[in-house]
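Below is one structure, written out as structure tokens; comments come after it.
Every read-out reported here was derived from the displayed coordinates using simple, explicitly stated rules and does not represent laboratory data. Computed from a predicted model, the values in this text were never measured in an experiment. Cβ sites come from the backbone with ideal geometry, for glycine too, and all protein chains shown count toward neighbours.
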Amino acid sequence: MNIKRALSGIAAVTVLSAAPAAVFAQTATPDGPVVLTHVQVSQPYSVGNGEARVPGSIDLSFRNTHNVVATDVLFVVRGDEKNPIYIDDAGTFSPGVDIRRTLADESPANGQSVAVERVTFADGTEWINHIGFIPAPQALRDAS
């Protein structure tokens with residue numbers, strides 16, 4: 001039984017070593033309502049004689065830890081601080097559900113980091129990184 005496990009592990013390493021080089025991104029996960037659970041940045045590579053090019057990508061997983069459905073998550077990818085890339089993902093992100101996305105990354109680089117920049121919820125509230133929760137616009141009008 002242990003020999004089978006060891007052989008399957010060796011086979012997995014062999015298969016993975018044949019894959020294109022990947023850069024594991026640093027994951028910035030502040031104390032927010034959406035948590036990144038996995039981030040991997042893959043470098044672009046050429047196939048054949050360099051005629052076909054496979055673009056780079058960001059493979060990420062996240063989970064809404066808040067008790068309200070999220071409807072929009074804005075990610076920021078930083079590698080070059082002067083030119084961050086923003087990726088807006090709209091949908092229905094229920095609490096406690098793992099969401100996995102593979103997104104195009106035209107300029108992957110070593111040391112890239114991915115963070116959740118902003119989250120919008122179905123009740124109209126927003127969470128903004130480094131600011132926290134902001135009430136829904138209606139709640140602000142009602143308070144005045």
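Between amide H atoms placed 1.01 Å from N, distances below 5 Å from residue 72 occur with 91, 120, all of them 5 or more places distant or on a separate chain. Net length available on complete extension from residue 59 to residue 134 is 24.1 nm, with 0.36 nm assigned per residue and the Cα-Cα distance removed.
Length gained on full extension, residue 123 to residue 67: 19.1 nm, using 0.36 nm per residue less the C-alpha separation. Using the Cβ-Cβ distance between residue 47 and residue 100 with R0 set to 25 Å, the FRET efficiency works out to roughly 0.55.
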